[in-house]
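Engineer: Structure in structure tokens, see below.
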Amino acid sequence: MSLLQHLQHTVSIIRQFTPTVPQVGIVLGSGLGNFKAELEIECEIPYGDIPHFPVSTVEGHGGSLIFGKVAGKQVVCMAGRFHYYEGYTPQDVAYPIRVMKMLGIELLLLSNAAGGMNHAFHVGDLMIIKDHISLFAVNPLLGPNEPQLGPRFPDMSEPYSHALIEQAKVIAERAGLQVYLGVYCGVTGPTFETRAEYNMLHILGADAVGMSTVQEVIVARHMDLPVFAISVITDLGIREDHNTITHAEVLEAAAAAEPKMAAIFKGLVAAL
Ligand code: HPA
């Protein structure tokens with residue numbers, strides 16, 4: 001079966017769970033899973049019930065695709081995403097994005113937890129991603145191209161929609177929320193960076209670094225899907241007194257910043 005046939009099969013099975021056509025796809029990053037509480041949930045499908053979806057490696061944390069309403073608009077939300085460091089292929093990581101596009105989404109919102117390198121940042125700050133640097137080993141578009149999905153050589157001059165960034169800035173300002181704009185560097189993980197690596201990434205032009213998002217964005221842009229993404233800064237890589245980072249700290253900082261991120265996502269969905 002070709003990628004297109006896999007996608008069509010996946011979509012036909014999802015349609016048996018719900019006929020809903022979502023307008024927006026939302027990917028929830030580490031520690032940001034409580035956004036679920038903002039949803040008027042209509043249907044929740046465990047990833048395990050969706051054919052061709054990557055199979056979760058962590059028992060009890062399989063994740064699910066949630067259909068519901070936010071600000072009166074139909075959305076589909078990925079509660080749990082797939083990471084390259086878990087051993088998935090880049091194509092697997094990006095597969096659910098293709099599925100959401102085929103379900104009808106016109107806009108993709110992504111969130112993630114990231115380490116901050118910009119000296120202005122504090123833990124808990126929000127950074128709207130204006131551009132990215134991919135240091136992932138493998139591009140998800142490697143291999144035969146499916147022309148029905150997108151071009152062989154996609155343009156990446158504006159992966160993150162300027163219009164949505166401007167809209168988000170207005171939403172944040174009206175809500176009294178401070179947001180930064182910056183460049184996100186995608187790395188494979190699963191190690192956090194060494195001090196030398198944080199410094200190098202900063203010199204290369206990155207304001208934040210994380211282990212997700214870039215492959216999903218590449219595939220979304222391949223399909224000409226407008227993208228908006230935001231990082232919650234959960235740790236500061238270049239602080240002089242920086243010593244250790246734990247996953248628990250990342251999750252805690254992300255959860256604390258979640259209401260701010262949720263306000264921006266809700267505002268963007270409402271403005272559609
Ligand atoms: N580095 C990479 N990924 C991350 C970090 C970090 O410092 N924080 C949260 N995700």
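Engineer: Identify all residues within region 147-192 that are of a type in the set (Asp, Glu) and under 20 Å from the mean Cα position of the chain (by Cα); write none if there are none. If you could, list the steps in order and put the result at the bottom.
Structural biologist: Keep residues of region 147-192 that are of a type in the set (Asp, Glu), which gives 155, 158, 166, 173.
Within region 147-192, ASP155, GLU158, GLU166 qualify.
Engineer: In region 240-263, which residue that is in contact with a strand residue (DSSP E or B) (Cβ under 6 Å, 6 or more places away or on another chain) and aliphatic (A, V, I, L, M) is surrounded by the fewest Cβ atoms within 10 Å (Cβ to Cβ)?
Structural biologist: ILE245
Engineer: Could you run through region 157-176 and say how many residues are in contact with a helix residue (DSSP H, G or I) (Cβ under 7 Å, 6 or more places away or on another chain), hydrophobic (A, V, I, L, M, F, W, C) and at pLDDT 95 or above?
Structural biologist: To start, the set of residues in region 157-176 that are in contact with a helix residue (DSSP H, G or I) (Cβ under 7 Å, 6 or more places away or on another chain) comprises 159, 164, 167-168, 171-172, 175.
Narrowing further to those that are hydrophobic (A, V, I, L, M, F, W, C): 164, 168, 171-172, 175.
Remaining after also requiring at pLDDT 95 or above: 164, 168, 171-172.
Within region 157-176, residues that are in contact with a helix residue (DSSP H, G or I) (Cβ under 7 Å, 6 or more places away or on another chain), hydrophobic (A, V, I, L, M, F, W, C) and at pLDDT 95 or above number 4.
Engineer: Here's another thing I want to ask about it. Hey, MET211 hits all of (1) of a type in the set (A, V, I, L, M, F, W, C); (2) over 23 Å from VAL250 (Cβ atoms); (3) in contact (Cβ under 8 Å) with a residue 40 or more places away in the chain but one; which does it fall short on?
Structural biologist: For MET211, the exception is condition (2).
Engineer: Next question, about the same structure. From VAL214, VAL183, which residue is closer than 21 Å to HIS83 by Cβ, more than 13 Å from the ligand (Cβ to nearest atom), at pLDDT 95 or above and in contact with a Gly (Cβ under 7 Å, 6 or more places away or on another chain)? Give the steps one after another, and end with the answer.
Structural biologist: On the way: VAL214 fails: more than 13 Å from the ligand (Cβ to nearest atom).
From the options VAL214, VAL183, the qualifying one is VAL183.
Engineer: Still on this model: Could you check, for region 188-199, whether at least one of its residues is modelled with pLDDT under 95, open to solvent by less than 10 Å² (accessible area, probe 1.4 Å) and more than 26 Å from MET100 (Cα to Cα)?
Structural biologist: Yes, the conditions are met somewhere in region 188-199.
Engineer: What are the pairs, 6+ residues apart or on separate chains, where a residue within region 121-150 that is closer than 22 Å to VAL187 by Cβ has its Cβ under 7 Å from a residue that is acidic (Asp, Glu) and part of a loop (DSSP other than H, G, I, E, B)?
Structural biologist: Note: pairs meeting the criteria are MET127/ASP207.
Engineer: Among the residues of region 14-38, count how many are part of a loop (DSSP other than H, G, I, E, B) and either open to solvent by less than 20 Å² (accessible area, probe 1.4 Å) or among the β-branched types (Val, Ile, Thr) (or both).
Structural biologist: Within region 14-38, the subset part of a loop (DSSP other than H, G, I, E, B) is 18-23, 29-32.
Okay, now just the ones that are also either open to solvent by less than 20 Å² (accessible area, probe 1.4 Å) or among the β-branched types (Val, Ile, Thr) (or both), so 18, 20-22, 29, 32.
Selection size over region 14-38: 6.
Engineer: Can you spot a residue in region 151-167 that is farther than 24 Å from PHE82 by Cβ, among the hydroxyl-bearing types (Ser, Thr, Tyr) and within 16 Å of the ligand (Cβ to nearest atom)?
Structural biologist: no
Engineer: Say whether the condition of being more than 26 Å from GLN8 (Cα to Cα), more than 16 Å from the chain's Cα centre (by Cα), within 16 Å of the ligand (Cβ to nearest atom) and surrounded by 19 or more Cβ atoms within 10 Å (Cβ to Cβ) is met by at least one residue in region 129-146.
Structural biologist: no
Engineer: Pick out the one residue from ILE41, ILE66 that is farther than 20 Å from ALA229 by Cβ, among the aliphatic types (A, V, I, L, M), in contact (Cβ under 8 Å) with a residue 12 or more places away in the chain and part of a strand (DSSP E or B).
Structural biologist: Working: ILE66 fails: farther than 20 Å from ALA229 by Cβ.
Exactly one residue qualifies, and that residue is ILE41.
Engineer: Name the residues in region 63-100 that are under 16 Å from GLY210 (Cα atoms), open to solvent by less than 10 Å² (accessible area, probe 1.4 Å) and in contact with a strand residue (DSSP E or B) (Cβ under 7 Å, 6 or more places away or on another chain), would you?
Structural biologist: Correct list: empty.
Engineer: Within the set of pairs 6+ apart or on separate chains, which have a first residue in region 183-207 that is aromatic (Phe, Trp, Tyr), a second that is part of a helix (DSSP H, G or I), and C-beta atoms under 6 Å apart?
Structural biologist: none
Engineer: Mind listing whichever residues of region 78-120 are part of a strand (DSSP E or B) and within 15 Å of the ligand (Cβ to nearest atom)?
Structural biologist: Going residue by residue through region 78-120, those that are part of a strand (DSSP E or B) are 78-79, 107-116.
Within region 78-120, LEU110, SER111, ASN112, ALA113, ALA114, GLY115, GLY116 meet the criteria.
Engineer: Still on this structure: For region 224-239, indicate whether the set of residues that are modelled with pLDDT of 95 or more, more than 14 Å from the ligand (Cβ to nearest atom), surrounded by 22 or more Cβ atoms within 10 Å (Cβ to Cβ) and over 12 Å from ASN112 (Cα atoms) is non-empty.
Structural biologist: yes
The values are calculated or read from the model by the stated rules, or taken from the named source; none is laboratory data. It should be emphasised that the depicted structure is a prediction, and the values quoted were computed from it without experimental measurement. We place every Cβ from the backbone using ideal geometry, glycine too, and count neighbours over all the protein chains shown. These area figures cover heavy atoms from the full protein model, side chains too; ligands, DNA and RNA do not enter into them. Shrake-Rupley method; radii C 1.70, N 1.55, O 1.52, S 1.80 Å.
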